[in-house]
Amino acid sequence: MKTQKIKSVNGITLIALVVTIVVLLILAGVSISVLFGDNGIIQKAKDAQNKANESAQKDMEQINGLENWLNEKTVGSLTPWSGEIADSFSSGNGTEEDPYTIETAEQLAFFASQVNAGETFEGKFISIIKSINLGNKEFTPIGVGPTGETPDEWDWSVGYFNGTLDGKGNVITGIKITQPTMHGVGLIGCLQEKGIVKNLNIYEGTIIGNTRVGGIAGASIGKIINCTNKATIIAQDNENTNSGIVVGGIVGLINKGSLDNCKNYGNVTAKDDALKTGKGKSAGGIVGQAYASMGEDITISNCTNSGTIIAVYQQVGGIVGCSARKEGSTNKVTIINCNNSGKVSTGDSEKLASTVGAGGIIGVANTETIIDNCTNSGNITAIRQKAGGIVGSQESGKGEIKNCTNNGYITTANDGIGGIIGYISSQIDIDDCTNNGNLMAPKGMMGGIVGRQDAGKIKNCTNNGEIRAIGSGAGGISGYKVDGTIEKCINNGKIEVETQRAGGIVGQQKAGEINNCTNKGEIISNAKGGRGISGGIVGGQIGGSINSVYNSGLVKTKNYSDDTIDALGGIVGVQQNTSIISKAYNKGKLDGGDSIGGIVGHKNLSSTVENSYYYAPSNTELKGIGSETDTKTEIVKVEDVTGKAERTEKDISSLEDFLNQEM
């Protein structure tokens, strides 16, 4: 195997050598120009790296990162903008080989004036070759967005940029844009479909607009690549009904095109200060709203957010506030390889939204949305409801969430919390996702993967987080399962409710299927002010089927009242209607409860249990079914029936072993 050319015989990489030399030179007081010039150390390191083989690409990215870090260190020494506008670019003729160049704030202002006068720069190339300090003076965006009260009055046909802007890794600091009545506000107001912005970093400042507000662009149908924002971004509401909405750290609104390898560190807020009428929505760390309305899919890839993101009303996400598409469109939104570590929350708006949603990656998905290989480690808070570690709520359209992980703490002041998604109301597939974060809410509908599931399929998912509901309905995978399928899922986390319906997989099941699932976590129903109901797999089963499941976790109720009968089951707490349990095994300890069963705590005669077993020594009094009610709701004596809910002394260690056994 050949060694990489960038390594010396002693194994010291070029990166380590460059970093060491640069740090020593800085300490020695060497001029920054020696580092950045055409013949400087950084450039020579790049030239050497370009000659290395393709496997060294990662090291090149580290060199670029070092250059950007050094650029930031020079921000304090940059000459602030005079407020004047230059007469021309520094040099160049606008071709790719000889681009127009910008090296002062005055030349950046000239560029903006040209775009705002109608020059789109289509097919032209512009490069920012030095870092720029705008001095916190009011700057007019490069492409002024439209004004007007309604979208029908907005004219996007003028004042947009349609060329290629390359920041060359340089920094723009001291940016101040205050346009509270304008739609489409950012360093660039509107980026058209042939427009490209790349390698540009906004270091410090504040950008305020009405709607479609972003650090790099207010609105975009082009491409944004390798850009960073550290400025504060605000969508400010006013008496206009379309205000205080659609704001992102990088771009406010994207209708088509893509974003790749972008980072936001700045705080992003959609406000609702004026009338408390439900403004202040669609805020994202990278994109405010991804609205697929122009015949093409939208892709957001390799992006990260660590800023605090707030939508006072609804629809807030660490990466995207919300996704949507034009009626009749078949285009989708894809979010891949993205990470959020920033705090995400809805505020204290007095108006309750119908689609509240706060998510670590996206707040609300209103169209087909694919989320792949994304991670959230930020804390998620929804003042009302519908919060998820990856998605707050899937309101419409099909979609996929796969290979995603949540490590953040999630809470609401109401209900509908999921470690991966808070609420599913349309067809969506969730595959190979893991929740490690803890969840808490004063009500219920809380699940390690989904809070409420009305449809869709969840498979190969794992919950390791602790879930605590003051209300009822909490499960290791789904809190409240109206319909849909759950299969091959595992819960390892502790599930605790203060009232009733705690389950290792589902808190309450109304319909649909649960197949091949395992619970290893502790399940507790405290039964304060109600009837304690706990099950190793499902707390309360009103309908649907449970097949091929295994519980080894402790199942417990704490009865605080003599007026209620608590039900505790190794598989299901209470089983009702025509629901079915088949091929289930319980070896978990059962503690408490008035009606306690190795398989079911309490069931009615119309429900079915078959081919199910519970592990218990022969000298115990535990029955397979604690109690049973006939159609007149009278409790009748229950005897274990061979092959239905039978005691066994076979201590089976896993679901796989159970399914392979002949009982």
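Taking amide H positions as placed in the peptide plane 1.01 Å from N, state which residues far from S131 in sequence (5 or more) or on other chains have amide H under 5 Å from it.
Those qualifying (amide H under 5 Å, at least 5 residues apart or on another chain) are V171.
Whenever you get a sec, compute what percent of the accessible area on region 366-455 sits on carbon and sulfur atoms (1.4 Å probe).
39
Using a/c under 1.5 as the rounded threshold, could you call region 474-551 rounded, prolate or oblate? The axes a ≥ b ≥ c are square roots of the C-alpha gyration tensor eigenvalues, and prolate needs a/b larger than b/c, oblate otherwise.
Cα axes put region 474-551 in the oblate bin.
Quick one: with all protein chains in place, what share of the accessible area of region 194-331 is carbon or sulfur, to the nearest percent (1.4 Å probe)?
Of the solvent-accessible surface of region 194-331, carbon and sulfur hold 45 percent.
Relative to the Cα centre, what is the charge dipole magnitude of region 499-625, using +1 at the beta carbon of each Lys and Arg, -1 at the beta carbon of each Asp and Glu, and rounding to the nearest 20 debye?
Here region 499-625 has a charge dipole of around 240 debye.
How much area per residue is accessible in region 390-452 when the probe is 1.4 Å and only protein heavy atoms are counted (Å²)?
28
What Kirkwood hydrodynamic radius, in Å, does region 341-464 give when the mean of 1/r is taken over all pairs of distinct Cα atoms and then inverted?
Taking every pair of different Cα atoms in region 341-464, averaging 1/r and inverting gives 13.3 Å.
Write down the Kirkwood hydrodynamic radius of region 161-202, to one decimal in angstroms, obtained as one divided by the mean of 1/r over all alpha carbon pairs.
Answer for region 161-202: a Kirkwood hydrodynamic radius of 11.5 Å.
So for each of 601-607, 583-589, 118-124 I average, over its residues, the number of other beta carbons within 10 Å; can you give me the resulting order with the highest mean first?
583-589, 601-607, 118-124
What are the ³J(HN,Hα) couplings of region 250-257, residue after residue, when phi is run through the Karplus curve with 6.51, -1.76, 1.60 and θ = phi - 60°? Round to Hz, x for glycine and proline.
Couplings: 9, 9, x, 10, 10, 9, 6, x Hz.
Could you list, in their original order, any pairs among K398/K459; K223/K332; K176/K198; K176/K343; K168/K271 whose Cα atoms are separated by more than 28 Å?
From K398/K459; K223/K332; K176/K198; K176/K343; K168/K271, over 28 Å: K168/K271.
Can you compute the modelled spin-label distance between T181 and N577, with each label point 7 Å from Cα toward Cβ, in nm?
Between T181 and N577, the label points sit 5.7 nm apart.
Quick one, can you get me the convex hull of the C-alpha atoms of region 182-253 expressed as volume per residue in Å³?
For region 182-253, the hull spanned by Cα atoms encloses 60 Å³ per residue.
Based solely on C-alpha atoms, express the radius of gyration and the Dmax of region 452-582 in angstrom.
Values for region 452-582 (Cα only, Rg and Dmax): 12.8, 41 Å.
Which order do the peptides 208-216, 432-440 take when ranked by the mean count of other beta-carbon atoms within 10 Å per residue, highest first?
Descending packing order for the listed peptides: 208-216, 432-440.
Would you mind putting 466-476, 336-346, 310-320 in packing order, based on average other-beta-carbon counts within 10 Å, highest first?
Order by mean packing, descending: 310-320, 466-476, 336-346.
If you plug each phi of region 340-347 into the Karplus form 6.51 cos²θ - 1.76 cosθ + 1.60 with θ = phi - 60°, what whole-Hz ³J(HN,Hα) values come out, in order, with x for Gly and Pro?
The phi angles translate into 10, 10, x, 6, 10, 7, 8, x Hz.
Amide H of E122: which non-local residues (sequence gap of 5 or more, or other chain) have their own amide H closer than 5 Å, using H built in the peptide plane?
Answer set, sorted by chain and number: N162.
Per residue of region 470-482, in order, report the coupling 6.51 cos²θ - 1.76 cosθ + 1.60 (Karplus, θ = phi - 60°) as ³J(HN,Hα) in whole Hz, putting x for Gly and Pro.
These are the phi-based 3J(HN,Hα) values: 5, x, 10, x, 9, x, x, 10, 10, x, 9, 10, 7 Hz.
Could you do me a favour and compute the accessible area per residue for region 172-231, 1.4 Å probe, result in Å²?
Heavy-atom accessible area per residue stands at 24 Å².
Which residues' amide hydrogens lie under 5 Å from the amide hydrogen of I202, considering only partners 5 or more residues apart or on another chain, with H built in the peptide plane?
Correct list: I172, T228, N229, K230.
The values are calculated or read from the model by the stated rules, or taken from the named source; none is laboratory data. For clarity, every value in this text was computed on a predicted model and none was experimentally measured. Glycine also receives a Cβ, built like all others from the backbone with ideal geometry; neighbour counts cover every protein chain displayed. Just so you know, the surface numbers come from the protein's heavy atoms only, side chains and all, with ligands and any DNA or RNA stripped out. Shrake-Rupley method; radii C 1.70, N 1.55, O 1.52, S 1.80 Å.
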